[in-house]
Amino acid sequence: MASDTGKKLIQIDVSSDTVCPWCFVGKKNLDKAMEQSKDKFDFEVRWHPFFLNPDAPKEGIRKSDFYKTKFGPVQFERATSRMTEIFRGLGLEYDMSGLTGNTMDSHRLITLAGHQGYDKQNVLVDELFQNYFCQGKYIGDKQVLLDAARKASIEGAEELLEDPSKGVDEVQEELNKYSSGISGVPHFVRLRKYQLSGGQPPHIFMRAFEMAAKGGA
């Protein structure tokens with residue numbers, strides 16, 4: 001498929017959760033790969049929901065408490081140290097302060113954003129990742145979500161978040177369509193053929209672009 005510029009259009013579907021650090025790492029590496037490949041290809045990136053902790057409380061719980069309970073104190077410290085190092089390699093500071101919790105509202109907002117343009121959706125996803133992983137903000141908080149939506153120029157966010165049932169069915173449909181057959185995120189699909197999982201480095205994405213463009217799988 002060619003875009004309006006005449007360059008090959010690479011369509012990328014990403015299944016992701018907004019509290020998954022590897023999803024943020026994967027996004028940053030994907031962004032870098034797309035920037036380095038922009039002379040050859042145009043891109044359309046579409047984000048789809050996944051729930052790492054579908055039963056996480058909506059009211060939120062301290063990140064450190066939640067993950068220490070889930071993984072144990074030793075594994076928690078090791079994982080935190082590793083992610084801190086990985087984030088610094090990307091020019092980011094990994095912040096384990098603040099709350100974690102249910103991510104349904106963030107996925108409802110991301111799905112809404114997709115109807116207003118995938119460029120806006122990508123801006124919103126990046127903003128939510130920055131909020132959660134680098135600024136200690138709780139993305140289950142309505143005001144945090146509204147602020148992120150405003151920065152991404154998303155319309156109708158307040159109306160959506162006022163009604164806890166609005167958009168839930170669509171999120172579930174997206175989940176079933178794009179994420180039901182996978183066990184972890186991030187998960188990337190290009191042209192419905194070439195698939196990658198995890199926080200891959202940029203050169204792996206660039207190789208995938210070439211294979212997708214040639215029709216290889």
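So the values come out like this:
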{"item": "Only listed residue being more than 21 Å from Phe43 (Cα to Cα) and in contact with a helix residue (DSSP H, G or I) (Cβ under 7 Å, 6 or more places away or on another chain), chosen from Val185, Val171, Val125", "result": "Val171"}
{"item": "Flag if Asp105 is in contact with a Lys or Arg (Cβ under 8 Å, 6 or more places away or on another chain) and either surrounded by 15 or more Cβ atoms within 10 Å (Cβ to Cβ) or of a type in the set (D, E, K, R) (or both)", "result": "yes"}
{"item": "Residue in region 18-35 that is nearest to Lys137 (Cα to Cα), counting only those that are aliphatic (A, V, I, L, M) and part of a helix (DSSP H, G or I)", "result": "Val25"}
{"item": "Filter result for the condition that a residue is part of a loop (DSSP other than H, G, I, E, B) and either under 16 Å from the mean Cα position of the chain (by Cα) or closer than 23 Å to Arg46 by Cβ (or both), over Gly136, Gly140", "result": "Gly140"}
{"item": "Residue in region 22-37 that is closer than 19 Å to Asp126 by Cβ and over 19 Å from the mean Cα position of the chain (by Cα) present", "result": "yes"}
{"item": "Looking only at region 111-140, and only at residues there that are open to solvent by 10 Å² or more (accessible area, probe 1.4 Å) and hydrophobic (A, V, I, L, M, F, W, C), the one that is nearest to Pro164 (Cα to Cα)", "result": "Leu112"}
{"item": "Test result for Phe66, out of contact with any Ser or Thr (no Cβ under 6 Å at 6 or more places or on another chain) and either surrounded by 14 or more Cβ atoms within 10 Å (Cβ to Cβ) or modelled with pLDDT of 95 or more (or both)", "result": "no"}
{"item": "Residue pairs meeting the criteria (Cβ under 8 Å; at least 6 apart or on separate chains; first closer than 15 Å to Cys23 by Cα and touching a residue at least 12 places away in the same chain (Cβ under 8 Å), in region 69-89; second of a type in the set (Gly, Ala, Ser) and surrounded by 14 or more Cβ atoms within 10 Å (Cβ to Cβ))", "result": "Ile86/Gly199"}
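The values are calculated or read from the model by the stated rules, or taken from the named source; none is laboratory data. Keep in mind the model is a prediction, meaning the values are calculated, not measured. Note that we place each Cβ from the backbone using ideal geometry, even for glycine, and neighbour counts take in every protein chain shown. Ligands, DNA and RNA are stripped out before the accessible areas are found, and what is left, the full protein with its side chains, is counted by its heavy atoms. Shrake-Rupley method; radii C 1.70, N 1.55, O 1.52, S 1.80 Å.
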